[in-house]
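Please treat every number below as a calculation from the coordinates, not as lab data. Just so you know, these numbers come straight off a predicted model, no measurement behind them. Virtual Cβ from ideal backbone geometry, glycine too; neighbours counted across all protein chains shown.
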Amino acid sequence: MSAADGTRHYEAVMADLTDELVAEYPAVLWETESESTHAAADAGECRLYLPTRSTTSDEIVEGTPEELWEAVNRVLGQHEFDDIVGLDEDTPGGWEVASARDARGAELRISAKPGFPVSLDLTAPVETDACR
């Protein structure tokens, strides 16, 4: 996927995901950090890194993790991502991370740790000369 198409597509995924979380958890506010970038990754792959979306405080959403996954998965399914079914294993530093991937190799990561904001990160492989 070209960098321009990838940026449009995955920014829409992130916007839909944020909208769903705001609708599901209206007391939790989200902010966007930085701008989209492209960088070389392992094996010469170029990846799009969307801006991180974070809660504005360390307040975690109410409810169970399963309820959160259900809200997230409603959006992910519309964009052809795998469902999140639980936390990833072997995450260092006390972080709790859940991730989902699509067939193109994009990865969404939701990270949380007591005392820190919850963050959403989305990366995807793209084709661009920006990484060369």
Cβ-derived FRET efficiency at R0 35 Å, GLU127 paired with ASP19, nearest 0.05: 0.80
Sum of -39500 (n - 2.57) over DSSP H runs of 4+, divided by residues of the chain (222 nm, nearest 500): -9000 deg cm²/dmol
Loop GluC sites (Glu not before Pro), the stretch 1-80 (other Cβ atoms within 10 Å of the site Cβ: 13 or fewer; DSSP): GLU33, GLU35, GLU45, GLU59, GLU62, GLU80
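Could you check what % of the DSSP bridge pairs in the chain are antiparallel, to the nearest 5? Could you put the intermediate results ahead of the total?
Values: 24 of 25 bridges.
Antiparallel bridges: around 95 percent, rounded to the nearest 5.
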Virtual spin-label span in nm between ALA12 and THR56, 7 Å along Cα→Cβ: 2.9
Difference of contour (0.36 nm per residue) and Cα-Cα distance, LEU87 to GLU33: 17.0 nm
Fully extended contour minus Cα-Cα distance, from GLU67 to ALA4, at 0.36 nm per residue: 19.3 nm
